[in-house]
Amino acid sequence: MNECKPNLSPFCIRARRLLSQGRMDDALGLYGDVLEVDPTNVMAYADRGTAYAMLKKFELALSDLEQAIALGYVDASTYSTVATIYFELKKFENSLDYFSKAIDIDPSYLLAYYNRSNVWYELGESEAAIADLQKCLDSSSDEDFRQLVVRRLDFIRGK
């Protein structure tokens with residue numbers, strides 16, 4: 001028998017709107033409802049995990065984000081969010097691994113390079129940090145971002 005899953009993406013989009021309005025509890029409740037109906041909904045896991053990360057509820061965030069990834073969700077920003085959580089937890093090797101995966105998924109995702117440079121720096125690998133920041137400088141036309149990168153480069157080179 002062929003089971004037809006309901007399209008629950010409109011509910012996830014509504015939950016995103018709730019998040020943007022600062023209504024975290026309502027959004028989390030809606031994601032929970034979606035997952036109750038469809039426990040394999042990767043969008044709900046990824047989004048809810050990101051919401052938990054915003055709330056600094058790292059265990060819940062990692063659980064949801066890693067579940068989304070295990071279910072086949074491939075998104076550079078999701079991998080980057082997992083990496084950021086590991087960075088916050090000072091698990092630098094895990095963080096490095098996930099930022100590298102984010103870059104593998106989307107080599108143009110400059111924020112992953114920038115953030116990975118911070119991991120390299122924490123690991124004492126200044127040259128690798130500089131290389132990631134140089135990639136940002138070489139690839140970005142956004143002047144504000146470029147200024148941020150230059151300041152970070154100056155800091156690292158000054159150490």
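Listed values, structure above:
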quantity: Packing rank of 95-101, 72-78, where each peptide gets the mean count of other beta carbons within 10 Å, highest leading; calculated: 95-101, 72-78
quantity: Farthest toward positive dipole pole in the stretch 42-144 [+1 Lys/Arg, -1 Asp/Glu at C-beta], among Ala53, Ser80, Ser139; calculated: Ala53
quantity: Cα-based equivalent ellipsoid, the chain: semi-axes from gyration tensor eigenvalues, Å; calculated: 34, 15, 15
quantity: Sequence-separation-based contact order of the stretch 10-158, relative, with Cα cut under 8 Å and 6+ spacing, percent; calculated: 12 percent
quantity: Surface per residue (accessible, 1.4 Å probe) for the stretch 35-77, Å²; calculated: 50 Å²
quantity: Accessible surface of Arg14 - all protein chains present, 1.4 Å probe, nearest 10 Å²; calculated: 110 Å²
quantity: Percent carbon-and-sulfur accessible area, the chain, ignoring ligands, DNA and RNA, probe 1.4 Å; calculated: 49 percent
quantity: Cα centre as origin, Lys/Arg/Asp/Glu Cβ charges: the stretch 88-145 dipole, Debye; calculated: 200 debye
quantity: Residues of type lysines that Lys57 reaches as a straight line, Cα spacing below 23 Å, ignoring anything fewer than 8 places off in the same chain; calculated: Lys90, Lys91, Lys101
quantity: Mean Cβ neighbour count within 10 Å, used as a protection proxy, ranking 121-129, 41-49 highest first; calculated: 41-49, 121-129
quantity: Residues with amide H under 5 Å from that of Glu125, placed H, sequence gap 5 or more; calculated: none
quantity: Helix-only [θ]222 nm of the chain, DSSP H runs n ≥ 4, -39500 (n - 2.57) each, per residue, nearest 500; calculated: -24500 deg cm²/dmol
quantity: Ranked packing of 52-62, 108-118, most packed first, by mean Cβ within 10 Å; calculated: 108-118, 52-62
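The values are calculated or read from the model by the stated rules, or taken from the named source; none is laboratory data. Keep in mind the model is a prediction, meaning the values are calculated, not measured. Don't worry about glycine lacking a Cβ; one is built from the backbone with ideal geometry, like all the others, and counts go over all protein chains shown. Quick note on the areas: whole protein, heavy atoms, side chains included, nothing else; ligands and nucleic acids left out. Shrake-Rupley method; radii C 1.70, N 1.55, O 1.52, S 1.80 Å.
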